[in-house]
Amino acid sequence: MSTSEIDPEAVQAQALERIQSADTEEALRAVEREFLGKQGVVQGLLARIPSLEPSQRGAAGKQANQIKGAITQALAVREAALAHAAMDAERQALGFDPTLPPPTVERGSLHPITQVTRELEDLFASMGYHILDGPEVERDHYNFEALNIPADHPARDSQDTFYCDQEGKLVLRTHTSPVQVRAMERLQPPFRAVAPGKVFRQESTDASHEHTFHQMEGLVVGKDISVGHLIGAMKTLLAGIFGRELEVRLRPGYFPFVEPGFELDARCPFCEEGCSVCKRTTWIELLPCGLVHPEVLRAGGIDPEEWSGFAFGLGLSRLVMLRYGIDDVRHLLSGDLRFLRQF
Ligand SMILES: [Zn+2]
């Protein structure tokens with residue numbers, strides 16, 4: 001086709017149609033080269049101007065430049081459309097719809113038992129205690145024997161046990177006390193340790209009994225440990241939990257793994273003259289404790305002639321109930337969000 005035969009309007013129409021039907025970046029570039037390249041059609045239009053009648057040259061030059069501008073613009077528009085389509089395809093492949101509202105993120109919170117456990121861990125760690133963990137499926141040896149509770153001991157009856165095997169060698173631990181023995185095997189005296197965790201009892205559940213609950217075992221072994229050390233540690237513990245000093249008292253209590261053993265009561269933190277929490281006595285039964293029985297020290301590989309210690313078994317579940325005024329222990333593990341959202 002000789003340039004003199006080119007119809008400028010047909011060139012523009014053809015170029016725009018080709019651009020519109022180009023569906024890849026490469027096709028678009030090919031159209032660009034064909035029409036706007038150095039050997040391109042538009043260049044041909046410009047090249048023929050000198051051969052025209054002088055009166056037509058100005059209009060022909062203007063027209064050629066308009067065509068060049070229209071093609072350039074159409075190329076840019078088509079290029080943007082192709083890029084947009086590519087992005088849409090990618091979104092679709094990812095299953096992403098930008099027009100949907102954002103997903104709502106529900107914020108959770110820590111369970112009250114976790115909150116109190118962490119507070120106590122901080123408190124005890126600041127007093128130089130190790131924070132220990134122990135297995136929830138425990139050997140009979142650690143759960144009973146090494147704690148001075150042999151097979152025929154009546155104390156076993158009071159701790160209704162879940163057995164995990166026919167021989168009765170594996171149990172779900174009925175208290176956190178086995179961690180005491182494990183700690184004595186691992187740590188060199190003197191040391192201090194607490195062990196928070198779940199414990200299990202096979203009993204019928206009611207507002208104050210649950211098959212699974214939480215305790216925190218404490219053990220201090222050192223030289224000449226006395227009941228005075230025990231009371232001091234318990235007062236610090238209570239001040240940490242309730243935010244102020246509480247008066248405490250010891251009553252004799254019998255637990256096979258301590259000698260002497262005590263029940264520790266604290267002044268009711270909620271009243272001065274008796275309330276429903278303290279059953280109008282102004283005292284709250286808080287925890288069993290005592291000086292570690294020499295047999296238990298021996299079972300943990302520690303010489304009772306040289307070392308002594310105290311131990312306590314804090315009922316974490318009960319403490320959480322006291323602190324937040326929870327009236328039924330079964331709420332704690334119910335998984336009921338209406339309960340949990342309050343904390
Ligand atoms: Zn009270």
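Worth pointing out:
- For the stretch 206-265, filtered to residues that are among the acidic types (D, E) and under 24 Å from A155 (Cα atoms), the residue that is modelled with the lowest pLDDT is D206.
- On the stretch given as the stretch 157-205, residues that are hydroxyl-bearing (S, T, Y) and touching a residue at least 24 places away in the same chain (Cβ under 8 Å) total 5.
- Scanning the stretch 26-69 for residues that are over 27 Å from L82 (Cβ atoms) and either within 60 Å of the chain's Cα centre (by Cα) or not in a helix (DSSP H, G or I) (or both) returns R48, L52, E53.
- Residues in the stretch 124-142 that are within 20 Å of G309 (Cα to Cα) and either more than 21 Å from the chain's Cα centre (by Cα) or among the hydrophobic types (A, V, I, L, M, F, W, C) (or both): 10 in all.
- Take the conditions (1) free of Cβ contacts under 8 Å to residues at least 12 places away in the same chain; (2) surrounded by 12 or more Cβ atoms within 10 Å (Cβ to Cβ); I71 misses just one of them, which is (1).
- Test: L246 is assigned by TED's automatic domain parsing to the domain that holds L123, surrounded by 13 or more Cβ atoms within 10 Å (Cβ to Cβ), more than 16 Å from the ligand (Cβ to nearest atom) and hydrophobic (A, V, I, L, M, F, W, C): no
- Screening F35 against (1) of a type in the set (F, W, Y); (2) surrounded by fewer than 11 Cβ atoms within 10 Å (Cβ to Cβ); (3) at pLDDT 90 or above leaves a single unmet condition, (2).
- Considered as a group, the residues in the stretch 118-170 that are of a type in the set (V, I, T) and more than 20 Å from E259 (Cα to Cα) include one that is surrounded by the most Cβ atoms within 10 Å (Cβ to Cβ), and that residue is T161.
- Filter result for G218 (among the small types (G, A, S), surrounded by fewer than 23 Cβ atoms within 10 Å (Cβ to Cβ) and under 20 Å from T117 (Cα atoms)): no
- Which listed residue, of D327, D303, is in contact (Cβ under 8 Å) with a residue 60 or more places away in the chain and either within 15 Å of D265 (Cα to Cα) or not aliphatic (A, V, I, L, M) (or both): D327
- Under the condition of being outside any strand (DSSP E or B) and in contact with a strand residue (DSSP E or B) (Cβ under 8 Å, 6 or more places away or on another chain), the residues counted in the stretch 202-225 number 5.
- For the stretch 166-198, residues that are hydrophobic (A, V, I, L, M, F, W, C) and either more than 20 Å from R156 (Cβ to Cβ) or part of a loop (DSSP other than H, G, I, E, B) (or both) total 7.
The values are calculated or read from the model by the stated rules, or taken from the named source; none is laboratory data. Fair warning: this is a prediction, and the values are worked out from it, not measured in the lab. Please note: Cβ atoms are built from the backbone with ideal geometry, for glycine as well, and neighbour counts cover all protein chains shown.
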